[in-house]
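S.K.: Provided herewith is a single structure, encoded as structure tokens, for subsequent inquiry.
The values are calculated or read from the model by the stated rules, or taken from the named source; none is laboratory data. Note that the coordinates shown come from a computational prediction; the quantities given were computed from them, not determined experimentally. When we count neighbours, we look across all protein chains shown, and the Cβ atoms used for this are built from the backbone with ideal geometry, even at glycine. Note: areas computed on protein heavy atoms with side chains; ligands, DNA, RNA excluded. Shrake-Rupley method; radii C 1.70, N 1.55, O 1.52, S 1.80 Å.
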Amino acid sequence: MRIGSIIGLFVVVWLIIGAIAAGQRGYFTAPPAQCSQFATIALNIVAGPLNYTGMDPQGGCEIPQPS
């Protein structure tokens, strides 16, 4: 049980650091208007501390157009 708690704590701290990095880049100043903006925010949060090593993940997505 203890190892699971340590891993869970590590994951939570990792995501918090990613959210802080996304906030420092200004991604939370306005709600995402496009799918790619949401994907970029999510990727930065998941990247966590890697954001501080120069990593700047950019997300993209295509929404199918109705026919």
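S.K.: Identify, please: which residue in region 5-42 is modelled with pLDDT under 90 and in contact with a Gly (Cβ under 6 Å, 6 or more places away or on another chain) and is, among those, nearest to Pro64 (Cα to Cα)?
M.R.: Looking at residues that are modelled with pLDDT under 90 and in contact with a Gly (Cβ under 6 Å, 6 or more places away or on another chain), I get Ser36.
S.K.: Quick one: in region 1-34, of everything that is within 23 Å of Gly60 (Cβ to Cβ) and of a type in the set (Gly, Ala, Ser), which residue is most open to solvent (accessible area, probe 1.4 Å)? Talk me through it step by step, then tell me what you get.
M.R.: Residues of region 1-34 that are within 23 Å of Gly60 (Cβ to Cβ), as a first pass: 15, 18-19, 21-34.
So of that shortlist, the ones also of a type in the set (Gly, Ala, Ser) come out as 18-19, 21-23, 26, 30, 33.
Numbers: Gly18: 0, Ala19: 34, Ala21: 4, Ala22: 0, Gly23: 37, Gly26: 30, Ala30: 56, Ala33: 90 Å².
Restricting to residues being within 23 Å of Gly60 (Cβ to Cβ) and of a type in the set (Gly, Ala, Ser), the top hit is Ala33.
S.K.: What are the residue pairs meeting all of these: first residue in region 22-33, first residue in contact (Cβ under 8 Å) with a residue 12 or more places away in the chain, second residue open to solvent by 90 Å² or more (accessible area, probe 1.4 Å), Cβ atoms under 7 Å, and 6 or more apart or on different chains?
M.R.: Listed by first residue and then by second, the contacts come to Ala22/Phe28.
S.K.: Name the single residue that is farthest from Ala19 (Cα to Cα) among those in region 34-67 being in contact (Cβ under 8 Å) with a residue 24 or more places away in the chain and of a type in the set (Ser, Thr, Tyr).
M.R.: Restricting to residues being in contact (Cβ under 8 Å) with a residue 24 or more places away in the chain and of a type in the set (Ser, Thr, Tyr), the top hit is Ser36.
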